[in-house]
Amino acid sequence: MNCVEENYDVLVVGAGHAGCEAALAAARLGLNTIMFTVSVDSIALMPCNPNIGGSSKGHLVREIDALGGEMGKNIDKTFIQSKMLNGSKGPAVHSLRAQADKRDYTQSMRNVLENTDNLTIRQAEISEIITDNGIITGAKTFSGAVYHARAVVLCTGTYLRARCIYGDVSNPTGPNGLQAANHLTDSLKSHGIEMYRFKTGTPARVDKRSIDFSKLEEQKGDERIVPFSFSTNPEDVQKEQVSCWLTYTNQETHKIIMDNINRSPLFSGAIEGTGPRYCPSIEDKVVRFADKERHQVFIEPEGLYTNEMYLGGMSSSLPEDVQYAMYRTVPGLENVKIVRNAYAIEYDCINPRQLLPTLEFKAIKGLFSGGQFNGSSGYEEAAAQGLMAGINASLYVLGRKQVIIDRSQGYIGVLIDDLVTKENHEPYRMMTSRAEYRLLLRQDNADLRLTKTGYDIGLVSEERYRAVIRKQEIIAGEIERLKNTKVGASNNIQEFLESKGSACLKTAASLAELIRRPELDYEMIKDIDIERKPLSDDVINQVNIEIKYEGYIARQLSQVQQFKKLENKKLDSEFDYTVVPSLRKEAVQKLNLYKPLSIGQASRISGVSPADISVLLVFLEQRRRKKE
């Protein structure tokens with residue numbers, strides 16, 4: 001029997017948010033790349049919420065963009081509402097979030113992929129990976145076609161042995177009723193890869209015409225829209241926006257849920273997989289937070305050319321009749337008509353401790369992994385991992401040093417480090433609280449932090465890199481000017497300060513000192529800053545933050561220096577920790593299991609205590625001295 005047989009540099013399995021970024025990265029680095037999907041219509045699909053960004057997730061999208069990824073550019077082209085979240089809080093937690101037109105988002109990303117040089121898109125199901133002596137050599141499709149590749153990136157999302165469930169209904173399909181991928185799991189297990197069974201869910205989509213908007217609270221977008229991509233001209237995204245809406249569940253809603261809780265597959269045992277703690281179903285919330293009288297329900301449009309509305313906050317796997325009953329107790333939804341039922345989806349994913357921080361499998365050279373397949377949740381987490389997996393697969397093929405973003409450099413570093421060093425028994429979700437250095441890792445300065453890395457990799461143009469260098473120089477120059485420009489305690493200065501509710505000066509002060517006052521900022525002091533020259537909004541924002549938070553930033557930079565010392569103490573990935581005397585048994589087991597690459601990574605492994613790290617440091621120092 002004759003079968004198709006082809007050769008590629010990089011093969012990507014999956015075309016969701018992770019697969020798209022992985023394939024684009026490889027192709028843009030000049031490698032002959034093929035991307036497989038069970039359905040070309042599912043490229044960059046948004047099977048759950050119709051938005052990109054949000055708390056901490058907006059940081060990831062900005063970092064993807066700074067490294068040369070596509071997600072930020074694509075949402076800038078296809079958003080229908082944009083909002084900066086947490087604006088009343090400190091800059092560390094400001095997060096951009098945009099509602100997408102789902103259809104436009106998918107079509108726009110597909111258009112980019114289809115017109116990228118070196119990239120082939122193929123609709124087929126990958127059923128096997130092919131290895132030779134622990135090295136990946138390609139993959140095989142269900143039809144028997146063989147695709148040889150020097151590196152393979154697995155981005156299967158929620159499709160592996162997927163099962164969609166609500167009530168007693170269980171369909172062996174992927175999201176939105178698309179075909180599941182039922183054959184690859186067995187091949188991965190035969191190669192010794194440990195698999196988990198996870199679950200996520202989505203709420204119903206309802207007909208806009210059946211909603212009474214007079215009972216809902218309108219949620220409008222920002223007056224001044226901030227783009228996700230640093231390469232997008234802010235003026236190009238100022239447009240009319242659609243509204244989202246807010247309503248609440250009530251005691252009647254909760255009673256219907258509790259009266260039917262035994263019919264929920266989540267609680268009856270019909271669902272095997274572990275669900276996300278930080279994005280629970282409505283029945284989960286009602287059970288776990290029994291004291292709460294109501295829960296928020298965000299009603300969001302799925303696009304400009306559809307009447308489907310997404311009921312954010314009410315994902316469920318309850319039976320169809322219960323879904324109707326509970327939704328119709330919510331103000332504004334009394335006569336609601338369901339277009340698509342809510343459902344839970346179960347799928348196979350890996351235990352991510354099997355991965356190096358480069359997202360390459362420890363046991364199989366040239367095999368990389370990204371996205372929800374790594375045990376995470378969310379479009380943004382998926383895209384970030386897909387980008388890094390695609391970059392490192394490409395650098396592996398090119399024989400170049402692979403890239404690791406550490407915890408002090410970006411949220412991407414926090415995300416990947418948490419996945420590969422911590423025990424994750426549920427879908428991992430990014431949160432600002434997970435980042436120790438979040439004042440340094442703001443969404444507004446992602447370009448200043450990571451554009452050079454993107455340029456060094458080869459995904460950011462010389463022109464864009466030079467623009468960032470120039471921006472850094474302008475920021476530094478303006479901060480220096482403000483520190484060196486003094487104002488005296490003259491009458492007009494005192495009058496100005498009084499008008500702003502700020503204390504009068506007793507002696508001369510620099511403009512930077514005035515900006516540090518809680519009630520003042522860069523924009524407010526322009527009337528007494530006679531030497532000021534026009535600057536862009538993003539530069540002004542950086543100057544203001546750098547001056548106002550100078551002391552806190554300096555403290556975090558000092559903490560990063562200590563962190564780097566531990567990260568720079570490298571460990572042998574083949575080292576046997578049983579030879580270290582006085583190391584606790586649990587620590588020996590965990591260190592031999594994870595095989596950390598540095599003391600820093602070892603210190604973050606669950607079950608390894610600070611005392612264990614001290615013992616290990618003493619042992620390594622004694623061994624070093626013996627060698628001298």
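Quick look at the values:
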{"item": "Among the residues listed as 380, 462, 360, 423, the single one being surrounded by fewer than 20 Cβ atoms within 10 Å (Cβ to Cβ), among the charged types (D, E, K, R) and under 30 Å from residue 194 (Cβ atoms)", "result": "423"}
{"item": "Qualifying strands (runs of 3 or more DSSP E) (wholly inside the stretch 117-186; at least 1 residues being open to solvent by 10 Å² or more (accessible area, probe 1.4 Å) and modelled with pLDDT under 95)", "result": "163-166, 169-171"}
{"item": "So residue 375, is it in contact (Cβ under 8 Å) with a residue 40 or more places away in the chain, surrounded by fewer than 24 Cβ atoms within 10 Å (Cβ to Cβ) and closer than 18 Å to residue 16 by Cα", "result": "yes"}
{"item": "Only listed residue being assigned to a helix (DSSP H, G or I) and in contact with a helix residue (DSSP H, G or I) (Cβ under 7 Å, 6 or more places away or on another chain), chosen from 314, 326", "result": "326"}
{"item": "Criterion violated by residue 505 - all others in (1) within 22 Å of residue 378 (Cβ to Cβ); (2) at pLDDT below 90 satisfied", "result": "(1)"}
{"item": "Helices (runs of 4 or more DSSP H) wholly inside the stretch 1-96 that include at least 3 residues being closer than 19 Å to residue 154 by Cβ", "result": "17-28"}
{"item": "Members of the stretch 392-421 that are aliphatic (A, V, I, L, M) and either farther than 14 Å from residue 368 by Cβ or part of a helix (DSSP H, G or I) (or both)", "result": "393, 395, 397, 398, 405, 412, 414, 415, 416, 419, 420"}
{"item": "Residue within the stretch 191-200 that is among the polar types (S, T, N, Q) and out of contact with any helix residue (DSSP H, G or I) (no Cβ under 7 Å at 6 or more places or on another chain) present", "result": "yes"}
{"item": "Criterion (farther than 18 Å from residue 45 by Cβ and at pLDDT below 95) met by exactly one of 328, 277", "result": "277"}
{"item": "Subset of the stretch 575-594 [open to solvent by less than 50 Å² (accessible area, probe 1.4 Å) and not polar (S, T, N, Q)]", "result": "575, 577, 580, 583, 587, 588, 590, 591, 594"}
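Here is a yes/no grid of residues against (1) in a helix (DSSP H, G or I); (2) within 30 Å of residue 492 (Cβ to Cβ):
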site: 535; (1), (2): no, yes
site: 539; (1), (2): yes, yes
site: 566; (1), (2): yes, no
site: 586; (1), (2): yes, no
site: 592; (1), (2): yes, no
site: 613; (1), (2): yes, no
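The values are calculated or read from the model by the stated rules, or taken from the named source; none is laboratory data. Keep in mind that what you see is a predicted model, and the values were worked out from it rather than measured. All Cβ positions, even for glycine, are placed from backbone atoms using ideal geometry, and neighbour counts span all protein chains on display. Heads up: the accessible areas ignore ligands, DNA and RNA and are worked out on the full protein's heavy atoms, side chains in. Shrake-Rupley method; radii C 1.70, N 1.55, O 1.52, S 1.80 Å.
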